[in-house]
Amino acid sequence: MTTLQSDPTGGPADRPLRVALLGCGVVGSAVARLLTEHASDLTARVGRPLELAGIAVRRTNIDRPGIDPALFTTDADELVARDDVDLVVEVIGGIEPARTLILSAIANGASVVTANKALLAEDGPRLFEAAETAGVDLYYEAAVAGAIPIIRPLRESLVGDDITTVMGIVNGTTNFILDKMHTEGSSFDDVLAEAQALGYAEADPTADVEGFDAAAKAAILAGLAFHSRVTAADVHREGITEISSADIAAAKLMDCTVKALAICTSEEVEGERRISVRTHPAMIPNSHPLASVGGAYNAVVVESTNAGRLMFYGPGAGGDPTASAVMGDLVTIARNRVRGAAGPGESAYAQRPVMGMGEVVTRYFISLEVIDQPGVLATVAASFAEHGVSVQTMRQEALHRAEDGGARLVLVTHSAPESALGATVDALANLSEVHEVLSVMRVEGE
């Protein structure tokens, strides 16, 4: 006969662990379904049954097939404060009331799983401190890249290594749009409309196409990788709305593709280890592993001193994939609860300074519309040299402008600081020989 261990949380050792679910949308309903359908397997994996104590929703009169209507409540505050709740899953999103509910759950001794990247990027330190004080877990695998396991490798598997770079495609909507523009030659507006029709993009796509979603995820990844507190305010953010068909075509001519990237790096600058965190579109060589990531998929490449280059790839959004990540965290914190222990908390001992974007060094693609006459190339090249930016390649294409025989000048630079490149572009825009600076884009991944 098996003898049950005493329950570190109080009560009989075979007592079910009670789960409060905050939110029952696409992800929440998938979590509720998995808890019900896989109850016996989950019991075997955890060592105790997992039982839904209640589900907080805005409206209880909506039909949610397969979920017991008796579980629904509109009083989320009361649900997370209940004495019989051991674990809380938050999938409502946004800053409030999610923050208040999570802090209340932690204060009442519950461990928490959240998929809320915006909240973690804005106020993560406060949540981690509360969890540490209470001796409970705060897990958040689903907050970045959907089903892809990237948080735990950074938080646990690679914690003994020195991570130098985390670079990835962390927003499926923007990747879908850019992939379609690249493969089909469609315009940004046409592909955005298609993405909305397919459910990849919201009716208001601002968070995706302007980079807010990716910036929040980049902050979380950088904080984990470099053991520093990084917020969304520290992230340089640019969207993809200005990417044109001409930019896509130019990338193809360079054997590159345009991707919206989150880039987190740690490097030695003037004897001090500093980090940079940014999200923006960039050209990457077709030989780079991220170049082949198509559709709404996500992928993250991690480079470290000892492990080298690792790549994590998979569906970055959707109910079932995200619910899979939530359930992985839920099983882990439930196991910890049974053992009377907590997993790793925040690691911010290094607190490395975040570089301004002007200090970041990378390569650039610049497209200019210029007057097609002798001496223009020399004038443009002199402007680059004056600001310390070295040109790697230069190509001129006729535009067949009837009025002045204009030409399109395409340049790719060697690595240079962002500040130097910005000064160069400003100077070019003021040259009488330059009609217009058509495009400026970073070149990454070499």
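The numbers here are math on the coordinates, done by the rules we state, and not lab data. The shown structure was predicted, so the numbers you read here are calculated from the model rather than taken from an experiment. Positions of Cβ are backbone-derived with ideal geometry, glycine not excepted, and every protein chain shown enters the neighbour counts.
Mind jotting down a quarter of the surface of the convex hull over the alpha carbons of the chain, in square nanometres, one decimal?
Values: hull surface 97.7 nm².
About 24.4 nm², averaged over all directions.
Write down, largest first, the equivalent ellipsoid semi-axes of segment 28-150 in whole Å, where each equals the square root of 5 times an eigenvalue of the alpha-carbon gyration tensor.
Numbers: eigenvalues 98, 61, 50 Å².
Those come to 22, 17, 16 Å.
Considering the convex hull of the alpha carbon atoms of segment 88-174, report its projected area averaged over all viewing directions, in nm², one decimal.
Working: hull surface 25.7 nm².
So the Cα hull casts an average projection of 6.4 nm².
222 nm [θ] for the chain, helices only, -39500 (n - 2.57) per DSSP H run of 4+, per residue, to 500?
-10000 deg cm²/dmol
In Å and on Cα atoms, what radius of gyration and Dmax does segment 291-387 show?
24.3, 78
Towards the positive end of the charge dipole of the chain, with charges on Cβ (+1 Lys, Arg; -1 Asp, Glu), say which of Asn306, Leu17, His435 has the farthest Cα.
Working it through, the farthest residue towards the positive pole turns out to be Leu17.
Order these peptides, 370-380, 256-266, by their mean beta-carbon neighbour count within 10 angstrom, highest first.
Listed from highest to lowest mean packing, they are 256-266, 370-380.
Would you please give the FRET efficiency between Glu369 and Ser187, computed as 1/(1 + (r/R0)^6) with r the Cβ-Cβ distance and R0 = 25 Å, to the nearest 0.05? If you can, show how the numbers build up before the last one.
Working: r = 20 Å, r/R0 = 0.79.
It comes to 0.80.
Students often check this: by mean Cβ neighbours within 10 Å, which of 437-446, 315-324 ranks highest, and how do the rest follow? The partial results should precede the final answer.
Working: 437-446: 18.2, 315-324: 20.9.
With the highest mean Cβ count within 10 Å placed first, the list reads 315-324, 437-446.
Would you tally the net charge around Asp204, using a Cβ to Cβ cut-off of less than 14 Å, leaving Asp204 out, and scoring K and R as +1, D and E as -1?
On the way: positive: none; negative: Glu202, Asp208, Glu210, Asp213.
Taking every Cβ under 14 Å from that of Asp204, the sum is -4.
Between the helical axis of 418-429 and the dominant principal axis of the chain, each derived from Cα atoms, what acute angle in degrees is found, rounded to the nearest 10?
For helix 418-429, the angle is close to 40 degrees.
Over all alpha-carbon pairs in segment 156-316, figure out the percentage whose distance exceeds 21 Å. Walk me through the numbers before you get to the answer.
Working: 5890 of 12880 pairs.
Beyond 21 Å sits 46 percent of the P(r) for segment 156-316.
Contact order normalised by length for segment 152-277, with contacts defined as Cα pairs under 8 Å and 6 or more residues apart; what percent is it? Let's see the in-between values first.
Details: 165 pairs, mean separation 42.4, N = 126.
Computed over segment 152-277, the figure is 34 percent.
Roughly how many nanometres apart are two label points built 7 Å out from the Cα toward the Cβ at Tyr349 and Ser390?
Once both label points are built, they end up 3.9 nm from each other.
Take every Cα pair under 8 Å in segment 299-380 that's 6+ residues apart, average their separations, divide by the length, and report that relative contact order as a whole percent. Walk me through the numbers on the way to the answer.
Numbers: 24 pairs, mean separation 9.2, N = 82.
Reported as a whole number, the value is 11 percent.
Classify segment 360-443: rounded, prolate or oblate, from the alpha-carbon gyration tensor (a ≥ b ≥ c, eigenvalue square roots; a/c under 1.5 rounded; otherwise prolate if a/b is larger than b/c)?
In terms of gyration-tensor shape, prolate.
At a threshold of 8 angstrom on Cα-Cα distance, excluding pairs fewer than six apart, so keeping six or more, what relative contact order does the chain reach in percent? List each step's numbers first, then the result.
On the way: 941 pairs, mean separation 70.9, N = 446.
Here the relative contact order equals 16 percent.
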